[in-house]
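**Q** One structure follows; several queries about it will come next.
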Amino acid sequence: MSYEIVLEQAYAFPPDRVWHALTDSAALAQWLMPNDLEPRLGHKFRFQSKPMPGWRGFVECEVLEIDPPKRLVYSWLGDSDWQAPTLVSWTLKPIDGGTMLRLEHTGFHDPWGQEVHSMFSQGWKKMLSEKLLRSLQDYKPMQ
């Protein structure tokens, strides 16, 4: 069986600002994890964090699709021992007064799919509703 996460969050900020938070390595590190992302097709990058029991402490990714400032898709491999690569897709849509951000994280398969899906679902909800929002509110453009 396959599981997917689909979340939408409206932000009172323009798409370019939300896009920056998703594609600028330093901005992304503020609300998600330290990384070496470069927003270009085919770029392989890592999210890095502290290892813990059951997790090696990094996520291997590759940019698979990019259409600034509308869509970003990358693969996500958190631990090859129990997980096949999944896909993270970000879609930005201008709305009155801001941006609608849609996250789709797909490709969670059994035997671990349901468990991993549940864990990621809660994590992504918190990231979008709290950490990304705070990062957007605190954003200071370079002069």
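The values are calculated or read from the model by the stated rules, or taken from the named source; none is laboratory data. No experiment lies behind these values; they were computed from the predicted model shown. Backbone-built Cβ (ideal geometry, glycine too); neighbour counts: all protein chains shown. Calculation scope for accessible area: heavy atoms of the full protein, side chains included, ligands and nucleic acids excluded. Shrake-Rupley method; radii C 1.70, N 1.55, O 1.52, S 1.80 Å.
**Q** Checking Glu4 against (1) closer than 18 Å to Trp124 by Cβ; (2) open to solvent by less than 60 Å² (accessible area, probe 1.4 Å); (3) over 13 Å from the mean Cα position of the chain (by Cα), which single condition isn't satisfied?
**A** (2)
**Q** Tell me, which residue of region 27-63 that is among the aliphatic types (A, V, I, L, M) and more than 20 Å from Ser89 (Cβ to Cβ) is least open to solvent (accessible area, probe 1.4 Å)?
**A** Checked region 27-63; the qualifying residue least open to solvent (accessible area, probe 1.4 Å) is Ala29.
**Q** Would you pick out the residues in region 69-123 that are of a type in the set (A, V, I, L, M, F, W, C) and under 14 Å from the mean Cα position of the chain (by Cα)?
**A** Leu72, Val73, Trp76, Leu77, Leu87, Val88, Trp90, Leu92, Leu101, Leu103, Phe120
For (1) out of contact with any Leu (no Cβ under 9 Å at 6 or more places or on another chain); (2) modelled with pLDDT of 95 or more; (3) among the hydrophobic types (A, V, I, L, M, F, W, C); (4) within 16 Å of Ile5 (Cα to Cα), each residue gets a yes or a no:
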residue: Trp55; (1), (2), (3), (4): yes, no, yes, no
residue: Ser75; (1), (2), (3), (4): no, yes, no, yes
residue: Thr91; (1), (2), (3), (4): no, yes, no, yes
residue: Leu101; (1), (2), (3), (4): no, yes, yes, yes
residue: Phe108; (1), (2), (3), (4): yes, no, yes, yes
residue: His117; (1), (2), (3), (4): yes, no, no, yes
residue: Gln122; (1), (2), (3), (4): yes, no, no, yes
residue: Asp138; (1), (2), (3), (4): yes, no, no, no
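**Q** Can you work out which of the residues in region 134-143 that are touching a residue at least 12 places away in the same chain (Cβ under 8 Å) and either surrounded by 15 or more Cβ atoms within 10 Å (Cβ to Cβ) or assigned to a loop (DSSP other than H, G, I, E, B) (or both) is farthest from the chain's Cα centre (by Cα)?
**A** By that ranking, first place goes to Tyr139.
**Q** A further question on this structure: I need every pair where a residue in region 25-49 that is more than 11 Å from Val59 (Cβ to Cβ) has its Cβ under 6 Å from the Cβ of a residue that is open to solvent by less than 30 Å² (accessible area, probe 1.4 Å) and of a type in the set (Gly, Ala, Ser), sequence separation at least 6 or different chains.
**A** What qualifies is Ala27/Ala21; Gln30/Ser135; Trp31/Ser135.
**Q** So how many residues does region 64-92 have that are open to solvent by 60 Å² or more (accessible area, probe 1.4 Å) and of a type outside the set (A, V, I, L, M, F, W, C)?
**A** 8
**Q** From the residues in region 93-133 that are touching a helix residue (DSSP H, G or I) at 6+ places or on another chain (Cβ under 7 Å) and open to solvent by 10 Å² or more (accessible area, probe 1.4 Å), which one is farthest from Arg17 (Cα to Cα)?
**A** Selected residue: Met127.
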